[in-house]
Amino acid sequence: MTANPYSPYNAPGPGAPLPPQTPPRQGKAAGILLMVSVITVGLMAGLFFAYDVSVMPGLARTDDRVYAEAMQNFNQVIDTSGLFVLVFLGALAVTVAVAVLEYRKGNRKVALWAGVAAGLYVVALLVTFSVNIPLNNELADIGNPMKAGDLSVVDKFKGTWETTNIMRTLLCTAALGCLAHSLKLHGRATPAV
């Protein structure tokens with residue numbers, strides 16, 4: 001006959017060891033999404049970094065007309081790239097999904113770091129939508145730079161756009177660091193198979 005686990009007579013006495021606590025639940029979906037999040041945020045950090053260290057310094061060596069034409073071309077190509085839009089917006093969606101899934105599974109530390117990463121990425125998006133995209137639009141509004149009479153918008157563009165792009169690089173890199181830490185914590189919480 002087995003003991004009734006609900007009986008008060010089977011309760012452990014004082015000093016008896018406590019039953020083991022259930023570890024946080026793990027699932028493959030959270031781990032896969034976390035990997036996708038690391039990759040997509042890493043791609044965005046790399047894109048912004050490439051502009052900081054090569055594209056913008058290279059364009060700075062040209063005159064304003066060439067600079068404006070090149071940036072207009074870059075912006076047109078990136079705005080019409082479905083893959084870019086998927087990574088750019090998907091990075092946030094996947095990172096938020098990771099934070100929610102990990103929180104629901106009881107992996108609070110993993111969820112916290114993924115949540116911080118999502119917050120940092122949101123700030124990068126806010127900078128993009130409030131500063132960089134309006135500047136891109138102003139630059140597009142001058143039309144053909146080779147025929148434009150007033151290129152004063154280029155000077156404004158250079159200083160502000162480049163500064164905010166550095167901010168986006170730092171924000172995305174910090175988000176990537178948070179996600180890397182989440183991935184490490186997730187791996188420690190996942191039982192070995």
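The values are calculated or read from the model by the stated rules, or taken from the named source; none is laboratory data. None of these values were measured; they are calculated from a predicted model. Backbone-built Cβ (ideal geometry, glycine too); neighbour counts: all protein chains shown. Please note that ligands, DNA and RNA were not included when accessible areas were found on the heavy atoms of the full protein model with its side chains. Shrake-Rupley method; radii C 1.70, N 1.55, O 1.52, S 1.80 Å.
Tell me which residues, restricted to the range 136-193, are of a type in the set (Gly, Ala, Ser), surrounded by 10 or more Cβ atoms within 10 Å (Cβ to Cβ) and assigned to a loop (DSSP other than H, G, I, E, B).
Answer for the range 136-193, where residues must be of a type in the set (Gly, Ala, Ser), surrounded by 10 or more Cβ atoms within 10 Å (Cβ to Cβ) and assigned to a loop (DSSP other than H, G, I, E, B): Gly143, Ala148.
Within the group Val122, Val127, which residue is open to solvent by 50 Å² or more (accessible area, probe 1.4 Å) and under 15 Å from the mean Cα position of the chain (by Cα)? Let's see the steps before the verdict.
Numbers: Val127 fails: open to solvent by 50 Å² or more (accessible area, probe 1.4 Å).
Criteria check complete, one pass: Val122.
Here is a list: Ala68, Ala91, Ala97. Which entry is assigned to a helix (DSSP H, G or I), in contact with a Ser or Thr (Cβ under 9 Å, 6 or more places away or on another chain), small (Gly, Ala, Ser) and in contact (Cβ under 8 Å) with a residue 60 or more places away in the chain? Step through it out loud before you land on a result.
On the way: Ala68 fails: in contact with a Ser or Thr (Cβ under 9 Å, 6 or more places away or on another chain); Ala91 fails: in contact (Cβ under 8 Å) with a residue 60 or more places away in the chain.
Checking each option against the conditions leaves just Ala97.
Among the residues of the range 64-83, is there at least one that is open to solvent by less than 20 Å² (accessible area, probe 1.4 Å), closer than 23 Å to Cys178 by Cα and over 18 Å from the mean Cα position of the chain (by Cα)?
For the range 64-83, residues open to solvent by less than 20 Å² (accessible area, probe 1.4 Å), closer than 23 Å to Cys178 by Cα and over 18 Å from the mean Cα position of the chain (by Cα): absent.
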